[in-house]
1. Filter the range 9-25 down to the residues that are under 14 Å from Val49 (Cα atoms) and of a type in the set (A, V, I, L, M, F, W, C), then identify the one that is surrounded by the most Cβ atoms within 10 Å (Cβ to Cβ).
2. Does the range 143-158 contain any residue that is at pLDDT 90 or above, part of a loop (DSSP other than H, G, I, E, B) and assigned by TED's automatic domain parsing to the domain that holds Ala201?
3. Would you say Arg65 is modelled with pLDDT of 90 or more and not in a loop (DSSP other than H, G, I, E, B)?
4. With the requirement that a residue be surrounded by 15 or more Cβ atoms within 10 Å (Cβ to Cβ) and either in a loop (DSSP other than H, G, I, E, B) or not assigned by TED's automatic domain parsing to the domain that holds Thr244 (or both), what does the range 167-184 give you?
5. Does the range 296-306 hold any residues that are under 17 Å from Phe206 (Cβ atoms), surrounded by fewer than 24 Cβ atoms within 10 Å (Cβ to Cβ) and in contact (Cβ under 8 Å) with a residue 60 or more places away in the chain, and which are they?
6. Of (1) in a loop (DSSP other than H, G, I, E, B); (2) within 30 Å of Val136 (Cα to Cα); (3) not hydroxyl-bearing (Ser, Thr, Tyr), Ala81 satisfies all except one. Which?
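The values are calculated or read from the model by the stated rules, or taken from the named source; none is laboratory data. None of these values were measured; they are calculated from a predicted model. Virtual Cβ from ideal backbone geometry, glycine too; neighbours counted across all protein chains shown.
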Amino acid sequence: MDARDELMHEVASMYYLQDQTMEGIARRLGVSRSTVSRLIKSARAQGLVRISLRSPSSGTGTAARLRRTFGVRAHVVPIRASASQAARLDEVARVSARLLAEWFASGMTLGVAWGTTVAAVSRQLVPTPIHDATVVQLNGAANTHSSGLAYANDLVSSIARAFDATIHHFPVPAFFDYAATKEMMWRERSVRHVLQVQAQADVALFGVGALAGTVPSHVYSSGYLDDADRRALAGDRVVGDVCTVFLREDGSWEDIAINARATGPTPRELRRIPRRVCVVAGDSKVVPLLAALRAGAATDLVVDESTARALLRRSALPLGESPA
């Protein structure tokens with residue numbers, strides 16, 4: 001595919017799949033609106049775009065395979081193969097922001113788990129004021145190296161501002177030093193109040209954390225884990241986390257010791273929320289995403305095409321085996 005064909009593919013994806021206007025595409029790509037119009041017409045003429053209507057139940061392709069395999073509503077974002085990891089995250093975040101604006105409505109409560117991916121989504125939100133809505137933080141953020149509160153507070157606040165919603169922060173550590181301390185704190189009225197708001201959530205928004213990657217997960221790169229924690233995670237065969245609750249590739253989490261000290265909702269607690277939106281982009285997220293889906297953490301998945309295909313390949317392998 002030459003440079004013009006790549007540009008045509010990108011423009012067609014932005015116009016037909018991401019509902020962006022010609023003016024917006026032109027500004028983003030630094031070209032004229034007439035150039036965008038010509039590329040869209042060429043995409044149709046060359047068969048790159050085929051418009052058809054079909055019953056939703058007769059779907060084929062990557063999204064349908066994800067639905068059949070994992071029982072989730074999949075929203076697959078087509079991105080050119082040459083795109084960088086950061087560009088893939090940016091495009092997936094853009095689509096996620098648009099979907100969130102459709103799903104989060106007046107009178108609803110949105111639970112937000114802080115992290116690199118959700119931060120990317122927050123930057124793409126267009127202000128959409130609604131009424132009597134609430135945004136609540138799902139996992140604590142403080143750590144031993146810095147408070148961590150500014151990062152989480154700013155992120156949750158920016159999402160709440162986009163919807164003109166009431167904010168409920170969760171000013172507790174990401175991980176307590178002792179499980180007993182968490183048990184005592186969970187009896188405090190101020191903490192119980194936030195937990196009750198979390199329990200009323202209609203929508204949850206979160207990513208998955210990976211132990212390593214081009215765009216590192218915030219929990220692994222910002223002082224939340226010490227060397228002993230990392231050794232323990234390795235010993236427990238942990239591959240990643242959802243809402244700072246750690247998972248193995250098979251989706252198990254209950255007997256991982258550090259989870260008794262974690263302040264985020266477990267997969268079991270997440271499953272009480274009707275719509276659970278997991279946003280993922282990048283090769284490093286494939287295995288932790290598989291773990292999250294096997295744990296039943298998500299009802300909706302927003303993911304780039306490359307990651308989605310790698311996920312399906314990985315899910316077909318025996319547990320723990322890597323692709324050749």
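1. Among those residues, the one meeting the criterion is Val11.
2. no
3. yes
4. If the condition is that a residue be surrounded by 15 or more Cβ atoms within 10 Å (Cβ to Cβ) and either in a loop (DSSP other than H, G, I, E, B) or not assigned by TED's automatic domain parsing to the domain that holds Thr244 (or both), then His169, Phe170, Pro171, Val172, Ala174, Phe176 are the ones that fit.
5. Thr299, Asp300 - these are the residues of the range 296-306 that are under 17 Å from Phe206 (Cβ atoms), surrounded by fewer than 24 Cβ atoms within 10 Å (Cβ to Cβ) and in contact (Cβ under 8 Å) with a residue 60 or more places away in the chain.
6. (2)
Each row is one residue, and each column tells you yes or no for (1) farther than 25 Å from Arg309 by Cα; (2) at pLDDT 90 or above.
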{"site": "Glu10", "(1), (2)": "no, no"}
{"site": "Gln18", "(1), (2)": "no, no"}
{"site": "Met22", "(1), (2)": "yes, no"}
{"site": "Arg28", "(1), (2)": "yes, no"}
{"site": "Gly59", "(1), (2)": "no, no"}
{"site": "Thr69", "(1), (2)": "no, yes"}
{"site": "Ala113", "(1), (2)": "yes, yes"}
